[in-house]
Amino acid sequence: MSVFSSTWVDGKISDIDKLLSENNDREFMFILDTNFAIMSRYYVTDREQFNKYYASQSDDFINVINVIRNNPSRIIYAFACEEASRSKLTGNIDVEKYKLMVECVGKVFDLDFNSNLISKNKLMEGDVSISKTPILLRNGLFNKQTVISYTTLLKTYLYKHFDNRSSKIKIKEMFHYMADEINIFSPTSTSLIIHYLGDEPSILKGIKPSLGIEKILNRLYAASIDMIMPTQAAQLAEISGYQEIPIFVTFDKGIKLLFDSLLIKEERRLENGRKVPEYSTMIYYSSGWKDKDIIELCGYAQQVQKTKRRKVINQEFELCRLNELAGKLEKELMIKLKTLFEYE
């Protein structure tokens, strides 16, 4: 199976059963992705549609269930169920749909889960189908982190589809954009940029300009949630005092590649005493880069990070600034899409 990932394991997880058996003295937590929650709902409520939509993934889905059932561990389901229950039109979480999602996930594992919504779910007014900015600062369990990954994805998408310069130039400019504008230089973003602006086919797969602005933004928003899951997993591990190893379950090959490209090299303490992991980034050849290219690009990223990162004094102000930046990028994307199709 190729659906299990963890930054707490040295490299790709090639055999989950072997990993669990060799570490039977450790505790694990399995963090489910949004697709798993959706698949669970179909599996429980409409098996015919499940077999139709997920024929190629059904064996992996059943295997995931068996692995987790046979290895007592914590199952983190709320992240997945919340996002699977969020309206693409209003951005609000449908409480009844959330309860159904939780019930269905519980049934596939023969467990009873608490179906009370964890997030405050502040209701939003208006249509968010062509702008996700109203959601970003109020998206429940994701603690406003999505605004960073969403802004990064928008700018990277614009470079990918509307900039004819060489991939290396675009990648290097994106590094400067992260340092100067987004003000966050994360290993996850570095890996995404080098892979996606190269030739890696699994990153943001199928998000083509021909989809139109609404579908593009829906998928980029969903991808921005996936991008912060390594951070979420690390925070959950911290809560357990690093006694539980987080294993992320995803059927998305792109987010799995990002997970697999991150390795924890050490842990350190922040000034507030909080322990956080430090990652190293691995770039796979599937992105089309050779060794010398990878060394050049990763070295350039490190150079930019060291010389241009700024300190943030007011985090709330910074998040609002990024939210406005995301809105400007959305408008830029809309204009470019309109121009593209006018000339076709």
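Of note:
- Test: residue in segment 68-88 that is open to solvent by 60 Å² or more (accessible area, probe 1.4 Å), within 30 Å of L20 (Cα to Cα) and of a type in the set (D, E, K, R): yes
- Residue in segment 146-165 that is under 22 Å from L236 (Cβ atoms) and modelled with pLDDT under 90 present: no
- Of all the residues in segment 259-268, those that are free of Cβ contacts under 8 Å to residues at least 40 places away in the same chain and surrounded by 19 or more Cβ atoms within 10 Å (Cβ to Cβ) number 0.
- Conditions (1) under 29 Å from P134 (Cα atoms); (2) free of Cβ contacts under 8 Å to residues at least 12 places away in the same chain: number failed by A55: (1)
- Tabulated pairs, segment 290-302, first among the β-branched types (V, I, T), second crowded, with 17+ Cβ neighbours inside 10 Å, C-beta under 8 angstrom, 6+ apart or interchain: I294/I194; I294/I283
Listed here are the residues, each with its yes/no results for (1) surrounded by fewer than 20 Cβ atoms within 10 Å (Cβ to Cβ); (2) under 23 Å from F61 (Cα atoms); (3) of a type in the set (S, T, N, Q).
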{"site": "K215", "(1), (2), (3)": "yes, no, no"}
{"site": "R219", "(1), (2), (3)": "yes, yes, no"}
{"site": "A223", "(1), (2), (3)": "no, yes, no"}
{"site": "Q232", "(1), (2), (3)": "yes, yes, yes"}
{"site": "Y242", "(1), (2), (3)": "yes, no, no"}
{"site": "P246", "(1), (2), (3)": "no, yes, no"}
{"site": "L257", "(1), (2), (3)": "no, yes, no"}
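- Index of the failed condition, D252 passing every other in (1) open to solvent by less than 50 Å² (accessible area, probe 1.4 Å); (2) touching a Lys or Arg at 6+ places or on another chain (Cβ under 9 Å); (3) of a type in the set (D, E): (1)
- Per the listing R41, R26, the residue uniquely among the basic types (K, R), over 22 Å from L141 (Cβ atoms) and surrounded by 13 or more Cβ atoms within 10 Å (Cβ to Cβ) is R26.
- Among the conditions (1) in contact with an Asp or Glu (Cβ under 8 Å, 6 or more places away or on another chain); (2) modelled with pLDDT of 95 or more, the only one that M174 does not satisfy is (1).
- For segment 89-103, the set of residues classified as surrounded by 15 or more Cβ atoms within 10 Å (Cβ to Cβ), over 12 Å from I118 (Cα atoms) and at pLDDT below 95 consists of T90, G91, N92, D94, listed by residue number.
The values are calculated or read from the model by the stated rules, or taken from the named source; none is laboratory data. None of the values given here were measured: they were computed from a predicted structure. Ideal geometry is used to build each Cβ from the backbone, glycine not excepted, and the neighbour counts take in all protein chains shown. Just the protein is used for accessible areas: all its heavy atoms, side chains included, with ligands, DNA and RNA removed. Shrake-Rupley method; radii C 1.70, N 1.55, O 1.52, S 1.80 Å.
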